[in-house]
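Note sheet for the following structure.
The values are calculated or read from the model by the stated rules, or taken from the named source; none is laboratory data. In this text the structure is predicted, and so the values were computed from the model without any measurement. Here the Cβ is made from the backbone with ideal geometry for all residues, glycine too, and neighbour counts use every protein chain on show. Accessible surface areas use protein heavy atoms only, side chains included; no ligands, DNA or RNA. Shrake-Rupley method; radii C 1.70, N 1.55, O 1.52, S 1.80 Å.
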Amino acid sequence: MSHHETLRSLEQVLESFLERAVAAKAPRLDILDGINRIDDVARGSNGHSDLADRVGEWLAEYSGWLSDDNRLRPGDVRRLSEILAEIGDRLDNSSDNSPAAAKIRSELKRWTEGTDGVGRQLVLKRGPETAPPPRSRTVMTFDRLLERLLNRYRSLAGSRQHLLSVLEESLKTARVDHDRDALLLSGFIIYYLKLNSFKIEPYVQRLKQIEAIVREEQGHA
Amino acid sequence: MLKPEEKAYCEALVALKRKKYEVAAEQFHKAAPLFEENREFNLLRETTGLLLAVREELAKGQTQGTRESPEVIADG
């Protein structure tokens, strides 16, 4: 067998292996891809009407998960509940009272109720769907925000060696994605650094610039 | 929310399914900090890398087979 033929044969074996490995993971990959897509929706929406539309599309495709008890693992349910709870908060805080947004809120409620029986040992973070008094609602909303910011911080921190690197990445995310959570996290880190006698003026300027962009966008949303 | 590395691993698997091996290799690289201890992850990542290396070697072989000698394309 020539060198070329050997390489061709090896190419076919490797490609065949990868095809079969991915095929064996197909059911899990469908779920992971679905979770990844709703995570993208939660991260990437630029306006509330866009958010309702994109969530609606996702729910239309994946609502079958609710009726299939064996598809989702407890970890999947936990992640989805976190993401959908965040989306629900954003819709609740928006001024979007369109029929589409109302429908999405109703679907998210159905989802939350439908996943209550899955993974019995897990506690879903989203509370009961009753109208809480205004004070506890703000406390609950801020509580969820802090959880999101902590998860975001841990994700950004990764293997970074210094908090300033984390701040750089957070500011970049806030600027590129017009991400309000990243903006808040950046402000928190800057204030922490200030209290620890770091020079933070350049970061404050950048934060203000990004804040202006995010505010303008929210005004147009 | 999913961690960036988790998203990257998912994107890598989707890319493998679509046979976009270069995209898969890039996403495996992004996912590595979180999954480098995972045997299955490493197997898929290394196999993808090896497939790309084999293809690159095959492409070099084809290029060398059609390369013209400098004398043929000299000016004048």
Using the basic label-point model (7 angstrom from Cα toward the beta carbon), what is the A:S9 to A:E211 distance in nanometres? 6.8
Residue by residue through region A:4-18, which ³J(HN,Hα) values in whole Hz follow from phi under the Karplus form 6.51 cos²θ - 1.76 cosθ + 1.60 (θ = phi - 60°), with glycine and proline marked x? 4, 5, 4, 5, 4, 4, 5, 4, 5, 5, 5, 5, 4, 4, 5
Might you work out the accessible area of A:D92 for me, using a 1.4 Å probe with all protein chains in place, and round it to the nearest 10 Å²? 60
Quick calc, A:L149 & A:F198: beta-carbon distance into FRET formula, R0 25 Å, rounding 0.05, result 0.80
Whenever you get a sec, line up A:K109, A:K199, A:K194 from highest to lowest accessible area (probe 1.4 Å, protein heavy atoms). A:K199, A:K194, A:K109
If the limit is 32 Å between Cα atoms, which of A:K25/B:K30; A:K25/A:K103; A:K25/A:K172 go over it? A:K25/A:K103; A:K25/A:K172
How much accessible area does B:L50 have with a 1.4 Å probe, in Å² rounded to the nearest 10? 80
Using 0.36 nm times the number of residues separating B:Q62 and B:E46, minus their current alpha carbon distance, what extension gain do you get? 3.3 nm
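Give me the accessible area buried between chains B and A, both sides summed, with a 1.4 Å probe, in Å² rounded to the nearest 100.
Values: alone 6380 and 14590 Å², together 18210 Å².
That pair hides around 2800 Å² of surface in total.
Using only the heavy atoms of the protein chains and a 1.4 Å probe, how would A:K103, B:K3 rank by accessible area, largest first?
Numbers: A:K103 115, B:K3 85 Å².
Greatest to least solvent exposure: A:K103, B:K3.
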Scan region A:164-218 for chymotrypsin sites (Phe, Trp or Tyr not before Pro) in coil per DSSP, keeping those whose Cβ has at most 15 other Cβ atoms within 10 Å, and list them by number. A:F198
Pairs of alpha-carbon atoms within less than 8 angstrom and 6+ residues apart define the contacts here; what relative contact order does region B:1-42 have, in percent? 42
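Estimate the FRET efficiency between A:H162 and A:F17 by the formula 1/(1 + (r/R0)^6), using the beta-carbon distance for r and 35 Å for R0, to the nearest 0.05. Could you put the intermediate results ahead of the total?
Working: r = 41 Å, r/R0 = 1.18.
Here the calculated transfer efficiency is 0.30.
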Per residue of region A:186-200, what does 6.51 cos²θ - 1.76 cosθ + 1.60 with θ = phi - 60° give for ³J(HN,Hα)? Whole Hz please, x for Gly and Pro, Karplus curve as stated. 4, x, 4, 5, 4, 5, 4, 5, 4, 5, 9, 6, 7, 7, 10
Can you compute 3J(HN,Hα) from phi for each residue in region B:2-17, using the Karplus curve 6.51 cos²θ - 1.76 cosθ + 1.60 with θ = phi - 60°, rounded to whole Hz and x for Gly and Pro? 7, 6, x, 5, 5, 4, 5, 5, 4, 4, 5, 5, 5, 5, 4, 4
